[in-house]
1. Looking at D242, D252, D225, D260, which one is modelled with pLDDT under 85, under 23 Å from I301 (Cβ atoms) and of a type in the set (D, E)?
2. Would region 126-141 turn up any residue that is more than 19 Å from I19 (Cβ to Cβ), in the same structural domain as R344 (by TED's automatic domain parsing) and surrounded by 22 or more Cβ atoms within 10 Å (Cβ to Cβ)?
3. Would you tally the residues in region 90-121 being in a loop (DSSP other than H, G, I, E, B) and of a type outside the set (D, E, K, R)?
4. Would you point out the residue of region 190-222, among those that are of a type in the set (G, A, S) and touching a helix residue (DSSP H, G or I) at 6+ places or on another chain (Cβ under 8 Å), that is modelled with the lowest pLDDT?
5. Does G317 count as without any contact (Cβ under 8 Å) to a residue 40 or more places away in the chain, under 18 Å from R179 (Cα atoms) and touching a strand residue (DSSP E or B) at 6+ places or on another chain (Cβ under 9 Å)?
6. Taking region 185-203 only, how many residues are farther than 23 Å from Y50 by Cβ and crowded, with 22+ Cβ neighbours inside 10 Å?
Amino acid sequence: MPKGTRDFGPDVMNKRNFILNTITKVFRKYGFRQIETPSLENLSVLMGKYGEEGDQLLFKVLNSGDYLKDVTDEDFEKGYKSLLPKITNKGLRYDLTVPLARFVVMNRNEISFPFKRYQIQPVWRADKPQRGRYREFLQCDADIIGTSSLLCEMEIVQMMAEVMSELGIAGFKIRMNHRKILGSMAKSDGLQNQENLFAVIIDKMDKIGWDGVSKELLKIGFTPDSLSKFKQIFSGELDKEDLRKKLSPMLDRDGANGLDDIFTVFEMLKKSRGNPDEQDFKWHLQFDPSLARGLSYYTGIIFEVEIEGVTVGSVSGGGRYDDLTGIFGLPDVAATGFSFGIDRLYDALEELKVFPDFAIEGHNILIVHFDEETFNYGLEVLWRLRKNQKLNTRGVSIEMYPDQSRLTKQMAYANRNPIRFTIIIGSEEMKSGKLTLKDMITGDQQSLSEDEIIDYLSQKRV
């Protein structure tokens, strides 16, 4: 198995599905509709959208057949940049945002704007595998295409917070910044055309710290005086009002507009809560000028979510990217969106030990029996329970042990899988019509009719 990829067994999938179902429920609640795009995209779609470093992380797929037929000795001598277009024209998608922009352009006559879509599919990056960073991982995106309203940014904050809360995570922070603020800061020292490089360097803050960032900024022409001002801005010691006062003098008009956008979102969040005295995300949402998100397509407000007390890095991020569809021939279309990284969320919930019991224990019920007669009786019970609408609505799954084995072996099977409840059918149960329902977690047993079992299980989260 290649490094950076993983298998997922049933127990892991129970937990992953808990995360996915939680995210999907929130996406749908806010009016997003699901789409899917192919795993393979043309390299012409992918290249140049993620910055130079991102292009290096694209998995390229060799052309089929004799992929070296058009390659010359001169191509080998010139290196991979000359060789690449002759041996490959396709790649695995790096994220879900660029394919979305391509999808919107190709289907612009069939969709209505604003277009709110969510997408849950795997992506691939040729990155160095480490904890919280994989070469194949699942992304969960939600995007709004066709409106520049800051309502989109406000709702992104609300959705991020709601998913964290639904997952049982209390200690998290949502960092927010604006790419125009960073771009304005990049030009404040008189330097031109350094905005993207400035963002890429600032994006390394968590990895190399301020000392490493300042050295790289000095190399591209920033003065010690500017770095002294930047350090205070990036220190994290100022509240949002003080940041506004310190930032304003060094921003041009675009940067000032970006700063206004940030504070407008704060005000909208406060108003949307209804009660002015109610918590307004101030313990979770923070304005952080050091947030950069190195991808080159961002144009406006950007976000990241970090969970306190874990080592997996950010678990969600995104922002506004108003120019992206123009690359594919549809200019002047506003867009914003964000993504959850389910693999990092999974690792974080495991580390915090906050998975709920039903995600760990599974959702199954096992019918166990003693002999051929009780087995045949159990077949009728199995059929009736499986067709019951109450249990179907709750998503309860029912199975029967397939072999006539010792009761201890059947119970061991339930414990290993794990299965929360067993229905035990013996000769006494057949005579009385009262079946034995056993909770495999607590050990409690009840003698109940089928209808009573259905009522009990349809009320309980199993």
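1. On the way: D252 fails: modelled with pLDDT under 85; D225 fails: under 23 Å from I301 (Cβ atoms); D260 fails: modelled with pLDDT under 85.
On inspection, the qualifying residue turns out to be D242.
2. no
3. The number of residues fulfilling the criteria is 8.
4. From region 190-222, those of a type in the set (G, A, S) are 190, 199, 209, 212, 214, 221; that's our starting set.
Pick out the ones that are also touching a helix residue (DSSP H, G or I) at 6+ places or on another chain (Cβ under 8 Å) and you get 199, 214.
Numbers: A199: 80, S214: 87.
Within region 190-222, the match that is modelled with the lowest pLDDT is A199.
5. So G317 fits the description; yes.
6. 0
So that you can scan it fast, the table gives a plain yes or no per residue for (1) among the basic types (K, R); (2) at pLDDT 90 or above:
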position	(1), (2)
K271	yes, no
D277	no, no
D280	no, no
W283	no, no
E304	no, yes
G317	no, yes
Y321	no, no
F328	no, no
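Results for (1) part of a helix (DSSP H, G or I); (2) surrounded by 15 or more Cβ atoms within 10 Å (Cβ to Cβ), shown as yes or no for each residue.
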| residue | (1), (2) |
| --- | --- |
| G221 | no, no |
| L227 | yes, yes |
| E237 | no, no |
| K245 | yes, no |
| N257 | yes, yes |
| D260 | yes, no |
| T264 | yes, no |
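The values are calculated or read from the model by the stated rules, or taken from the named source; none is laboratory data. Values in this document were obtained by computation on a predicted structure and should not be read as measured data. Backbone-built Cβ (ideal geometry, glycine too); neighbour counts: all protein chains shown.
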